[in-house]
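The values are calculated or read from the model by the stated rules, or taken from the named source; none is laboratory data. Keep in mind it's a predicted model, so treat the numbers as computed, not measured. All Cβ positions, glycine included, derive from the backbone under ideal geometry; neighbour counts span all protein chains shown. Heavy atoms of the whole protein, side chains included, go into the accessibility calculation; ligands, DNA and RNA do not. Shrake-Rupley method; radii C 1.70, N 1.55, O 1.52, S 1.80 Å.
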Amino acid sequence: MSNDFNTDVIVVGAGPAGISAAIEIAKNGRKVVLLERAQYPGSKNVYGGAVYHKALEFVFKDQVQELPYERIINEHTYSFLNEDSSFEMTYKNANSKNAYAIKRFNLEHWMIEQAKKQGVYYSPNTLVKKLIENNGSVIGVETEFEQYFAPVVILADGVNSLLAKKLGLRENFKSKNFILSAKEVIKLNKKIIEQRFNLKEDLTNGVNKQYFGSDFGKLKGIKNLFMMSYLYTFKDTISIGVGVNLEDLAKTKLNINEVLDAVKQHPDIAPLIEDGQLIEYSAHLIPEGGFNNLPKLYANGVMLVGDAAGFVNSVHFEGTNFALVSGKLAGETALIALDDNDFRESKLSVYKEKLEESFILKDLYAYRNVIELLHSRANSLSVYYPNKIKEFFEIVTGVSCTPKAKEFRGFLIQFIKDRKISELFKDIYAFSKCALDVLLGK
Amino acid sequence: MDNKENKKSIQEKLNTIKYNCGNKTHLVVDNKKCKKCKQKTCSFICPANVYVIDDETKETIVQYENCLECGACRISCPQEAIEWCYPESGQGVIFKNS
């Protein structure tokens, strides 16, 4: 470490990405300072509700066994909603331990404890105002009170990454590349949750429900909206939220809170949260731009990780895993740069190589068109097919005392006639392109 | 739900959130740009209803104390009239259960 520097690495932001980067650096004997603007770790952070085992294990190894989770999430439900009906598919594996429901306040507190054990110097209540540059390289940060210098700065400052923007790494914040999500945490008796969701008492299983469809009628403009709603079971709370593209909200003049209220009133969802007490409302942006809108991921003396880098696969509700793994990879890169005493962009390109070898850039590439394609077929996904599913099951389950052959034939004819045939081909094109992209990968 | 009802709903929900509120705003709007703005996106897009347009002066009133620090206003403002920073160290919203 040169005399001009206070530490080997500065990490800005103590979320999963920043903590993971800091741990990687500290456990390999280098000095790292982790700066967080919040008073309490996790108190600025919001997510749907589950963090993934494999990604945690990647960073925390066996310590994951001690994660103070509330429930293991191992039942996944995909539900298509209509105004007064729904079609649901459930996959359940009561023995699986892939995901944990845990509140961010508790998750980040636990992760910070692990980081401190590894020798990370953690500084809460520390807002970084700007980055310090010298000769085109980032060499430190300026907080409200003082300046810290380090040859490498890792930006883990979240979806809004003001620092990356100031540095010119992220210029084009466009509203169509972001989802705004609002969420409520609703308290219920633990036993009631277990009865409503058919869960075991020992917290070894829990449910994640994902809802598609927006044809709820009452709220003007909600129809045709491409939105995804979600529900997670915790120990004695339920989290319920909805995400909508920010540009769509601006166009429809809808507020995400009223969309959430409409979701909560759906006859399929209302009974699940009935008599519950709202204990916290929250909102957060999700970077949805994907591979085609990634910022510049590194420059002289600086790397971007997690949400700040735009690493999210919103189709699969994945974000914390990208954060944890990208943080570790940036940490590994910083270690190489420190060993070689070279912090130029050319050296930090190792980070990009590592991202390319990992699932991060492979998945982001494979899904590069998926959200846009699905979004372009919003009416099909949110209204047309959910309604067709309803019509189909009305025949299957209706027992209408009319000949089945006639009903099914009628259904097929209407399926094609109800809208322009070209719409069907557009759907086929969009869905097969999605499938093909994902299968071909990179 | 009409606009009024949504605002009431938001206010009730905001009462569930803890804040460590500073006495200086972290959100500054350029009212010259606001007066030109037709869309008034901030007035309906904010999940905490931070922005209210004054009926008489047409100026944008910023209730920064309620801010959830999501950033939706900054990105969707058509005039790019919002100077958006984080609250000072340790201040602002404190999510404990999200």
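In the range A:238-353 the Cα-Cα distances spread across 10 Å bins starting at 0 as 12, 30, 25, 17, 11, 4, 0 percent of all pairs.
Give the angle, between 0 and 90 degrees and rounded to the nearest 10, that separates the Cα long axis of helix A:320-340 from the longest principal axis of the Cα atoms of chain A. Result, in degrees: 20. For the protein assembly as shown, the convex hull drawn through the C-alpha positions has a volume of 161 cubic angstrom per residue.
Mean silhouette area of the range A:176-287, derived from the convex hull of its C-alpha atoms and averaged over all directions, reads 6.9 nm².
Restricting the range A:175-242 to trypsin sites (Lys or Arg not before Pro) that sit in a DSSP loop and have at most 13 other Cβ atoms within 10 Å of their own Cβ leaves A:K200, A:K218, A:K220.
Peptide A:177-189 has a mean shielding of 3, counted as Cβ atoms of other protein chains within 10 Å of each residue's Cβ. Counting lysine pairs in the range A:1-145 whose alpha carbons fall under 15 angstrom apart, excluding pairs fewer than 8 residues apart on the same chain, gives 9. Extending 7 Å from the Cα toward the beta-carbon at both A:E133 and A:K253 defines two label points whose distance is 4.2 nm. Taking the DSSP bridge list for the protein assembly as shown and keeping only pairs wholly inside it, about 75 percent are antiparallel.
Can you compute the modelled spin-label distance between A:V396 and A:N98, with each label point 7 Å from Cα toward Cβ, in nm? Rounded to a tenth, the inter-label distance reads 2.3 nm.
When its C-alpha radius of gyration is set against 2.2 N^0.38 Å (N residues), the range A:131-203 gives a value of 1.95.
Lysine pairs in the range B:3-94 whose alpha-carbon atoms fall under 17 angstrom of each other, counting only those eight or more residues apart or on distinct chains, come to 10.
On the principal axes of its alpha-carbon atoms, the range A:371-440 has extents of 46, 22, 20 Å, going from largest to smallest. Calculated on the alpha-carbon coordinates, the convex hull of the range A:1-89 measures out at 158 cubic angstrom per residue. With contributions of -39500 (n - 2.57) from each DSSP H run of at least four residues, the per-residue ellipticity at 222 nm computed over chain B stands at -6500 deg cm²/dmol.
Using a cutoff of 8 angstrom between alpha carbon atoms and counting only pairs six or more residues apart, the relative contact order for the range B:3-94 works out to 39 percent.
For the protein assembly as shown, a simple Cβ point-charge model (Lys and Arg +1, Asp and Glu -1, everything else neutral) yields a dipole of about 1040 debye relative to the Cα centre.
Close Lys pairs in the range A:371-440 (alpha-carbon distance under 21 Å; sequence gap of 8 or more, or different chains): 13. Can you give me the % of accessible surface on the range A:15-157 that is carbon or sulfur? Probe 1.4 Å, all protein chains present, nothing else counted. Roughly 45 percent of what the probe reaches on the range A:15-157 is carbon or sulfur. For the protein assembly as shown, the solvent-accessible area works out to 44 Å² per residue, with a probe of 1.4 Å and every protein chain left in place. Only helical runs count toward this figure. For chain A, summing -39,500 (n - 2.57) over DSSP H runs of n ≥ 4 and dividing by all residues gives -11500 deg cm²/dmol at 222 nm. Going from the isolated chain to the complete set of protein chains, the range A:255-270 loses at least 30 Å² of heavy-atom accessible area (1.4 Å probe) at A:N255, A:N257, A:E258, A:D261. Taking Rh as the Kirkwood radius computed over C-alpha pairs, what is the Stokes-Einstein D of the range A:35-160 at 37 °C in a medium of viscosity 0.692 mPa s, expressed in µm² per second? Once the numbers are plugged in, D ends up at 185 µm²/s.
Residues of the range B:33-47 that bury at least 40 Å² of accessible area when the other protein chains are present, relative to the chain alone (probe 1.4 Å, heavy atoms, ligands and nucleic acids excluded): B:F44, B:I45, B:P47. Can you tell me how the range B:3-94 classifies by the Cα gyration tensor, rounded, prolate or oblate, using a/c under 1.5 as the rounded cut? Oblate shape, in that a/c is at least 1.5 and b/c is the bigger or equal ratio. Taking one quarter of the surface of the C-alpha convex hull of the range A:45-84 gives a mean projected area of 4.7 nm². On the protein heavy atoms, probe 1.4 angstrom, tell me the percent of accessible surface of the range A:371-440 carried by carbon and sulfur. Answer for the range A:371-440 is 70 percent, counting heavy atoms of protein chains only.
Between the residues B:Y86, B:I10, B:T41, the greatest Cα displacement towards the positive end of the dipole of the range B:3-94, with unit charges on the Cβ of Lys, Arg, Asp and Glu, is found for B:T41. Using a 1.4 angstrom probe on protein heavy atoms only, the contact between A and B buries about 3800 square angstrom of accessible area, both sides summed. Burial annotation for the range B:81-98: residues with an accessible-area loss of at least 40 Å² between the isolated chain and the complete set of protein chains, computed on heavy atoms with a 1.4 Å probe, are B:Y86, B:E88, B:S89, B:G90, B:I94, B:F95, B:K96, B:N97, B:S98. The share of Cα pairs per 10 Å bin across the range A:89-168, counted from zero up to the longest distance, runs 13, 33, 28, 14, 9, 2 percent. Multiplying the residue separation of A:K165 and A:Q63 by 0.36 nm and subtracting their alpha-carbon distance yields 33.2 nm. The charge dipole of chain B, taken about the Cα centre with unit charges on the Cβ atoms of Lys, Arg (+1) and Asp, Glu (-1), comes to about 160 debye, rounded to the nearest 20.
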